[in-house]
Amino acid sequence: MPDRNLRIVLASRPVGPPSPDNFRIEQAPVPSPGEGQVLLKILYLSLDPYMRGRMSAAKSYAAPVEIGQVMEGGTVAEVLESRHPGYSPGDLVLSHSGWQTHALSDGAGLRKLDPAQAPVTTALGVLGMPGFTAYAGLLTIGQPKPGETVVVAAASGPVGATVGQIAKIKGARAVGIAGGPEKCALVRDAFGFDAVIDHRSPTFAEELRAACPDGIDVYFENVGGKVWEAVFPLLNPFARIPVCGLIAQYNATGPFEGPDRLPVLMRDVLTKSLTIRGFIQREFQAQRPAFYREMAQWIAEGRVRYKEDIVLGLENAPEAFIGLLEGRNFGKLIVQIA
Ligand SMILES: NC(=O)c1ccc[n+]([C@@H]2O[C@H](COP(=O)([O-])OP(=O)(O)OC[C@H]3O[C@@H](n4cnc5c(N)ncnc54)[C@H](OP(=O)(O)O)[C@@H]3O)[C@@H](O)[C@H]2O)c1
């Protein structure tokens, strides 16, 4: 039995981009499971943009991580010891155990994983929360139709890549936006998007316009900022905009720069009959069974592909997470812990 639990706690709240000193690595004894509990050994930790929000005390849809608390996060774990009737040692589960090597669970929120069905890491990406976010947000709010143009940024990541591929399955044209030539090549060649634009290009807005000759019918919003500025004039009447994330703003410290564009936005919402709807994926929980069924089939048929970026060692999680907010990840970011 291991004798220590390594864990990464929130040491301080970042102002602007997070830095390594906002995190602290600690050791604690490995806890023993009580009646009805299991002891989990964490194998993989998911790193996701929402964690930036949890580091901040600002009011949001979920409570922040407190200073000194273990950083929150989705994990794939192995049951080491069980005093729970539903689990046996060796079972692999999806859990929400945070940035640490071991954790106790009473079974709430655990989901058994079958490695024969899919690599277990996919439970953190394409067959997990990010994939579900793409599925539910695009199909419920975006509602792409054959021949329409769907645009999504962060297109090499687990949400964006899945959005574009589902759009294609539904008969739409998928236009991706990504940072740098390597990511753009992946989006076009591996994920099969019809066009991809590099948002770092000095002529980004013109290239986007050229890639969307019939305008934009669905814009799946992942980033905000200058990408939104370039998309906005291209929106067609009755365009749908699922607002999933605004990563370009997550490290902002004060009021946003530039003129107030709200009157222009509201004019277009009215005159173009735009639908702009924000969402948090868990609002669509009822669609989970359909998602698992359809997504597993699409992956098996090769119609949805995915890329993972696996970093080794819990101690490297803070640096990898800082890189995620700067676009340094290349695919679904996962930390392999054991
Ligand atoms: N609403 C929900 O329930 C929900 C659930 C899950 C995720 N999300 C959101 O979905 C979005 C994508 O998440 P993900 O897990 O798939 O992340 P991801 O794509 O793996 O990583 C984030 C990517 O965002 C891009 N990015 C960062 N700063 C940017 C900027 N200033 N301008 C343009 N692009 C920027 C980078 O890609 P490039 O290098 O290509 O720019 C970076 O790799 C995030 O906004 C996240 O918060 C929402």
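The values are calculated or read from the model by the stated rules, or taken from the named source; none is laboratory data. None of the values given here were measured: they were computed from a predicted structure. Neighbour counts are summed over all protein chains in view; Cβ atoms, including those assigned to glycine, are modelled from backbone coordinates with ideal geometry. All accessible areas refer to the heavy atoms of the entire protein, side chains included, with ligands and DNA or RNA removed. Shrake-Rupley method; radii C 1.70, N 1.55, O 1.52, S 1.80 Å.
To the nearest 10 square angstrom, what accessible area does Arg7 show with a 1.4 Å probe?
70
In Å², and per residue, what accessible area does segment 82-157 have when probed at 1.4 Å with the other protein chains present?
Values: 2760 Å² over 76 residues.
That works out to 36 Å² for each residue.
Given Cβ point charges of +1 (Lys, Arg) and -1 (Asp, Glu) and nothing else, what value in debye, to the nearest 20, does the dipole of the chain about its Cα centre take?
On the way: 33 positive and 34 negative charges, 128 e Å.
Here the size comes out at about 620 debye.
About the Cα centre of segment 208-320, how large is the charge dipole given +1 on each Lys and Arg Cβ and -1 on each Asp and Glu Cβ? Please answer in debye to the nearest 20. If you can, show how the numbers build up before the last one.
Numbers: 13 positive and 14 negative charges, 88 e Å.
Dipole size: approximately 420 debye.
Equivalent-ellipsoid semi-axes (√(5λ), Cα gyration tensor) for segment 1-116, whole Å, largest first?
Semi-axes, largest first: 27, 15, 12 Å.
Dipole of segment 1-85 (Lys/Arg Cβ +1, Asp/Glu Cβ -1, origin at the Cα centre): which of Gly53, Gly16, Leu80 lies farthest to the positive side?
The residue sitting farthest along the positive end of the dipole is Gly16.
Could you check how much of the accessible area of the chain is carbon and sulfur, as a whole percent, using a 1.4 Å probe? Spell out each step's value before the answer.
Details: 8300 of 15190 Å².
Within the chain, the accessible surface is 55 percent carbon and sulfur.
Report for segment 37-102 the percent antiparallel among DSSP-assigned beta bridges with both residues inside it, nearest 5. The partial results should precede the final answer.
Working: 12 of 12 bridges.
Taking every DSSP beta bridge with both residues in segment 37-102, the antiparallel ones total about 100 percent.
With a 1.4 Å probe and all protein chains kept in place, how much accessible area does Ser201 have, in Å² rounded to the nearest 10?
Surface open to solvent at Ser201 totals about 30 Å².
Between their Cα atoms, which of Lys226/Lys272; Lys170/Lys226; Lys59/Lys307 are more than 23 Å away from each other? Intermediate values should be presented prior to the final figure.
Numbers: Lys226/Lys272 21 Å; Lys170/Lys226 28 Å; Lys59/Lys307 33 Å.
Exceeds cut-off: Lys170/Lys226; Lys59/Lys307.
How would you order 40-46, 60-66, 130-136, 140-146 from highest to lowest mean count of nearby Cβ atoms within 10 Å?
Details: 40-46: 23.1, 60-66: 13.3, 130-136: 26.1, 140-146: 17.4.
Result, highest mean Cβ count within 10 Å first: 130-136, 40-46, 140-146, 60-66.
When the helix-only estimate is applied to the chain (DSSP H runs of n ≥ 4, each -39,500 (n - 2.57), divided by the residue count), what is the mean residue ellipticity at 222 nm, nearest 500 deg cm²/dmol?
Details: 9 runs with 77 residues, N = 338.
Roughly -6500 deg cm²/dmol at 222 nm, from the helical runs in the chain.
Which chymotrypsin sites (Phe, Trp or Tyr not before Pro) in segment 194-273 pass both tests, a DSSP loop state and at most 15 other beta-carbon atoms within 10 Å? Display every interim value, and only then the final one.
Working: sites: Phe204, Tyr219, Phe220, Trp228, Phe238, Tyr250, Phe256; in loops: Tyr250, Phe256.
Sparse-neighbourhood loop chymotrypsin sites (Phe, Trp or Tyr not before Pro): Phe256.
Which value results when the Cα radius of gyration for segment 188-338 is divided by 2.2 N^0.38 Å? Show your work: numbers first, answer last.
Working: Rg = 18.2 Å, N = 151, 2.2 N^0.38 = 14.8 Å.
Relative to the rule-of-thumb radius for its length, segment 188-338 sits at 1.23.
Give the residue list of GluC sites (Glu not before Pro) in segment 254-301 that are DSSP loop and have at most 13 other beta-carbon atoms within 10 angstrom. Could you put the intermediate results ahead of the total?
Working: sites: Glu257, Glu283, Glu294, Glu301; in loops: Glu257, Glu301.
Sites meeting the loop and neighbour criteria: Glu257, Glu301.
With unit charges on the beta carbons (Lys and Arg positive, Asp and Glu negative) and the dipole taken about the Cα centre of the chain, which residue among Gly90, Cys212, Ser201 sits farthest to the positive side?
Result: Cys212, furthest along the dipole toward the positive end.
What net charge do the residues around Lys307 carry, taking every other residue with its C-beta under 10 Å from that of Lys307, with Lys and Arg at +1 and Asp and Glu at -1? Walk me through the intermediate numbers first.
On the way: positive: Lys183, Arg305, Lys332; negative: Glu308, Asp309.
It works out to a net charge of +1.
Can you divide the C-alpha Rg of the chain by 2.2 N^0.38 Å and report the result to two decimal places? Spell out each step's value before the answer.
Values: Rg = 20.6 Å, N = 338, 2.2 N^0.38 = 20.1 Å.
That ratio works out to 1.02.
Compute the signed sum of charges (Lys and Arg +1, Asp and Glu -1) over the other residues within less than 13 Å, Cβ to Cβ, of Leu94.
Values: positive: Arg111, Lys112, Arg288; negative: Glu78, Asp91, Asp114.
In short, 0.
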